[in-house]
Amino acid sequence: MAAIAEAAGDTSVLARQAEILSRPMTPTRRMADAIRALSIDAVEKAKSGHPGMPMGMADVATVLWSRFLKFDAADPRWPDRDRFVLSAGHGSMLLYSLIHLTGHAGMTIQDLQSFRQLHSPAAGHPEYGEHPAIETTTGPLGQGFATAVGMALAERHLAARFGKSLVDHRTWVIASDGDLMEGISHEAASMAGHLGLSKLTVLYDDNHISIDGDTALAWSDDVLKRFAAYGWATKRVDGHDPEAVAAAMSFAVRSKKPTLIACRTIIGLGAPTKAGTAGVHGAPLGSEEAAAAKAALGWHEPPFTVPQDVAERWHAAGARGAPARRSWLKRLARHNQRSEFERAVAGKLPDNWHEAVAALKQEIADGKPKLATRASSQKVLESLVPATPELLGGSADLTGSNLTLVKGMGSIATGNFAGRYMHYGIREHAMAAAANGMALHGGVIPYTGTFFVFTDYMRPAIRLGALMRQRVIHVLTHDSIGLGEDGPTHQPIEHLASLRAMPNVHVYRPADTLETAECWELAVRRTEGPSLLVLTRQSLPPLRTDVAENRCARGGYVLAEADGPRRATLIATGSEVSLAMDARQLLANDGIAVAVVSLPSWELFAAQDEAYRAAVLGGAPRIGIEAACGFGWERWLGPDGVFLGINSFGASAPADALYRHFGLTPDAIAAAVKKRLG
Ligand SMILES: Cc1ncc(C[n+]2csc(CCOP(=O)(O)OP(=O)(O)O)c2C)c(N)n1
Ligand SMILES: [Mg+2]
């Protein structure tokens with residue numbers, strides 16, 4: 001708080017504010033003041049929210065939305081629109097004001113009046129799906145930036161595929177100090193600089209303030225030098241001088257590199273005592289300061305009122321892109337790839353897609369391959385990739401381990417975006433966020449790759465992908481102690497449980513090549529959220545040859561019924577299913593009839609009707625087997641079940657030795673069943 005108090009008395013900021021406010025009034029200033037006034041009013045009415053950032057960045061946003069951003073308020077989903085990402089999602093009233101003022105349907109003044117209330121499209125932070133002009137959910141700082149990098153990459157890829165006449169748009173980001181402090185922004189900026197994503201522009205709200213006070217408390221980066229070192233073009237401007245801002249944006253449009261424009265602003269510009277302080281970051285101004293701010297700005301309207309002339313200017317800005325959209329529609333109408341473009345953008349799979357999947361499954365049934373499921377996954381990709389041109393893969397420097405690359409994909413590289421494979425480098429967090437951005441952009445179905453244990457580094461982006469229900473597939477190999485010698489740092493234990501706990505995520509842990517094909521099929525079809533394919537390093541025997549039905553689609557099923565009345569049910573996933581099958585044989589030798597249930601997807605199984613689940617799980621004692629922690633298994637095992645797994649951190653040794661060490665062998669399973677049965 002000391003820092004806040006000191007900043008409040010910062011005479012240099014107040015002097016600068018006085019100078020800015022004394023500049024001749026212009027129509028552009030009035031447009032920006034409309035954003036400020038609406039933001040003040042909405043936060044005041046909600047008694048919560050963040051007025052400082054919208055007030056500080058109103059001038060920059062006005063220049064962007066009225067002169068540069070290519071959009072048409074009449075059709076906010078027009079595929080060739082520019083993308084705008086408010087990475088600093090706490091400044092949500094900036095975005096809602098812009099959407100409202102530019103005349104979009106679905107963001108009325110009543111919606112702004114219900115800012116932060118239940119069912120308002122003007123939620124606390126921008127939420128994808130609440131309004132078509134909200135391109136992505138933001139709030140976790142830094143992620144919007146990396147998501148935008150994915151959008152910019154998708155644009156380049158689709159431009160290479162369909163040509164400039166259909167795909168030629170830019171990605172604009174507003175990012176705050178917090179965005180640029182976050183680690184993910186370093187990963188994403190480095191990636192964008194390396195690739196030379198020249199149509200990406202970041203407008204950095206360089207206000208020197210974060211929640212604790214002056215950013216100097218925690219930060220002394222030279223941001224421009226940092227971005228220059230990543231290969232970006234950089235500019236520094238007075239963020240309250242529209243002509244300087246416009247000149248910098250023109251520079252960005254011409255630049256052959258991604259561009260960072262550091263816009264020196266005053267947070268809460270207009271607020272007589274709180275401007276330039278952390279006090280204006282995340283709390284209502286209070287009625288006195290709010291009134292004084294409006295007076296200082298020369299804004300004399302009642303709350304939530306925009307004068308006619310200002311409203312008209314904003315509406316004109318909202319319609320500015322209409323001619324561009326109309327001529328784009330004409331180009332689309334006569335384009336020879338029109339139907340393919342429309343199909344990809346709509347997220348519909350190709351007609352012949354299912355034939356490729358069916359042929360593959362038959363081939364697997366005939367060949368009965370003994371493969372690690374990561375290798376099975378590669379085999380599946382060999383079929384899926386040619387049949388599904390919108391699949392865009394990649395890995396965080398583990399291509400040869402994740403087996404995510406197949407012939408003919410071609411690498412994405414600087415200046416060559418036609419490839420379908422992205423070498424993300426060792427940047428898991430940005431990889432997952434960029435994949436969200438690609439999915440949000442549309443026209444591609446992204447998949448990523450890394451070791452399962454490193455979902456810890458991707459988790460915030462998996463979570464946002466889940467919240468936004470994006471179709472993103474993560475290929476996560478080396479899924480247990482079965483990876484062996486690399487040891488406990490690399491052996492996932494709690495990851496299955498923690499990711500199964502995440503809403504909208506489907507976690508798949510297939511047991512053999514056929515199940516891997518079935519799970520991939522489900523993942524590619526799924527449009528309601530991220531799919532995680534959790535795959536082994538070690539080889540697994542084939543368990544099934546029946547291909548008539550995708551049995552993984554029910555999440556769990558009886559792989560082998562007991563010979564005779566069930567004495568017990570062994571329930572396992574992935575690599576432990578074959579152990580359960582072997583244990584079943586050992587028990588049969590001793591006259592104990594048990595069934596084996598494969599449970600590759602808990603989410604899908606939970607969605608089945610009660611009768612089906614009861615029939616699969618059976619009334620006999622249940623034994624759960626998974627080379628991971630047991631958290632959550634009680635759901636399937638009931639109070640009388642037994643769980644065989646690992647509740648420590650694994651160890652370094654060959655995989656077979658580890659399975660023996662942790663008691664995950666057919667003998668140990670059989671012994672546990674006998675003990676349970678008494
Ligand atoms: C990952 C993450 N950590 C913490 C927060 C909480 N938070 C919201 S805004 C903010 C920092 C505010 O500083 P800045 O980004 O410069 O925004 P400004 O105050 O200038 O608007 C923090 C820590 C968050 N939203 N996301
Ligand atoms: Mg700041």
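The values are calculated or read from the model by the stated rules, or taken from the named source; none is laboratory data. What you see is a predicted model; the values in this text were computed from it and never measured. Glycine also receives a Cβ, built like all others from the backbone with ideal geometry; neighbour counts cover every protein chain displayed. With ligands, DNA and RNA removed, areas are computed over all heavy atoms of the protein, side chains included. Shrake-Rupley method; radii C 1.70, N 1.55, O 1.52, S 1.80 Å.
Scanning segment 88-114 for residues that are among the hydrophobic types (A, V, I, L, M, F, W, C), in a loop (DSSP other than H, G, I, E, B) and in contact with a Phe, Trp or Tyr (Cβ under 9 Å, 6 or more places away or on another chain) yields a single hit, Met107.
Within segment 164-183, one or more residues are out of contact with any strand residue (DSSP E or B) (no Cβ under 7 Å at 6 or more places or on another chain), in a loop (DSSP other than H, G, I, E, B) and within 16 Å of ligand 2 (Cβ to nearest atom). Is it the case that Ser220 is within 21 Å of Ile412 (Cα to Cα) and without any contact (Cβ under 8 Å) to a residue 60 or more places away in the chain? No; evaluated as a whole, the condition is false for this residue.
A Cβ distance below 6 Å, combined with a sequence gap of six or more or placement on separate chains, defines the contacts here; from segment 645-667, residues that are farther than 15 Å from Val453 by Cβ reach residues that are open to solvent by 50 Å² or more (accessible area, probe 1.4 Å) and of a type in the set (D, E, K, R) in the pairs Pro666/Asp582.
Val85 passes all but one of (1) at negative phi; (2) part of a loop (DSSP other than H, G, I, E, B); (3) more than 14 Å from ligand 1 (Cβ to nearest atom); which number fails? (2) is the only condition that Val85 fails.
This table checks each residue for (1) away from ligand 1 (no atom under 11 Å from the Cβ); (2) farther than 30 Å from Glu342 by Cα; (3) open to solvent by 10 Å² or more (accessible area, probe 1.4 Å).
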residue	(1), (2), (3)
Gly139	no, yes, yes
Gly142	no, yes, no
Val149	yes, no, no
His157	yes, no, no
Ala175	no, yes, no
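Within segment 54-86, the only residue that satisfies the criterion of being under 16 Å from Gly124 (Cβ atoms) and either within 24 Å of the chain's Cα centre (by Cα) or more than 15 Å from ligand 2 (Cβ to nearest atom) (or both) is Leu86.
Looking at Ala252, Ala262, just one residue is in contact with a Lys or Arg (Cβ under 9 Å, 6 or more places away or on another chain) and within 16 Å of ligand 2 (Cβ to nearest atom), and that residue is Ala262. Ala218 falls short on exactly one of the conditions (1) within 13 Å of ligand 1 (Cβ to nearest atom); (2) open to solvent by less than 60 Å² (accessible area, probe 1.4 Å), and that condition is (2). Out of the residues in segment 20-53 meeting the condition of being more than 19 Å from Phe304 (Cβ to Cβ) and among the β-branched types (Val, Ile, Thr), tell me which one is nearest to ligand 2 (Cβ to nearest atom). The extreme case among them is Ile20. Among residues of segment 269-290 being crowded, with 24+ Cβ neighbours inside 10 Å and among the aliphatic types (A, V, I, L, M), the one that is nearest to ligand 1 (Cβ to nearest atom) is Ala278. For segment 119-176, the set of residues classified as within 18 Å of the chain's Cα centre (by Cα) and on the phi > 0 side of the Ramachandran plot consists of Gly129, Gly139, Gly142, listed by residue number. Taking segment 177-215 as the range and being within 9 Å of ligand 1 (Cβ to nearest atom) and surrounded by 24 or more Cβ atoms within 10 Å (Cβ to Cβ) as the test, the residues that pass are Asp179, Leu180, Ile184, Asp205, Asn207, Ile209.
The number of residues in segment 481-510 that are in contact with an Asp or Glu (Cβ under 8 Å, 6 or more places away or on another chain) and open to solvent by less than 10 Å² (accessible area, probe 1.4 Å) comes to 7. Residues of segment 225-249 that are more than 19 Å from Val13 (Cβ to Cβ) and either within 16 Å of ligand 2 (Cβ to nearest atom) or of a type in the set (Lys, Arg) (or both): Lys225, Arg226, Lys235. Selection of first residues in segment 252-264 that are within 21 Å of Pro54 (Cβ to Cβ) and of second residues that are among the charged types (D, E, K, R), restricted to Cβ pairs under 6 Å at least 6 apart or on distinct chains, gives the following pairs, ordered by first then second residue: Ile261/Lys235; Ala262/Asp206; Ala262/Arg236; Cys263/Asp206; Arg264/Asp206; Arg264/Asp238. Filtering segment 190-220 to residues that are outside any loop (DSSP other than H, G, I, E, B), over 19 Å from Ser250 (Cα atoms), among the hydroxyl-bearing types (Ser, Thr, Tyr) and within 16 Å of ligand 2 (Cβ to nearest atom) leaves Ser210, Thr215. Filter segment 108-126 down to the residues that are within 22 Å of Gly56 (Cα to Cα) and of a type outside the set (Gly, Ala, Ser), then identify the one that is surrounded by the fewest Cβ atoms within 10 Å (Cβ to Cβ). By that ranking, first place goes to Ile109. For segment 238-247, a residue qualifies if it is more than 16 Å from ligand 1 (Cβ to nearest atom) and surrounded by 24 or more Cβ atoms within 10 Å (Cβ to Cβ), and exactly one does: Val245. Note on segment 555-573: residues that are crowded, with 16+ Cβ neighbours inside 10 Å and either in a strand (DSSP E or B) or free of Cβ contacts under 8 Å to residues at least 60 places away in the same chain (or both) total 12.
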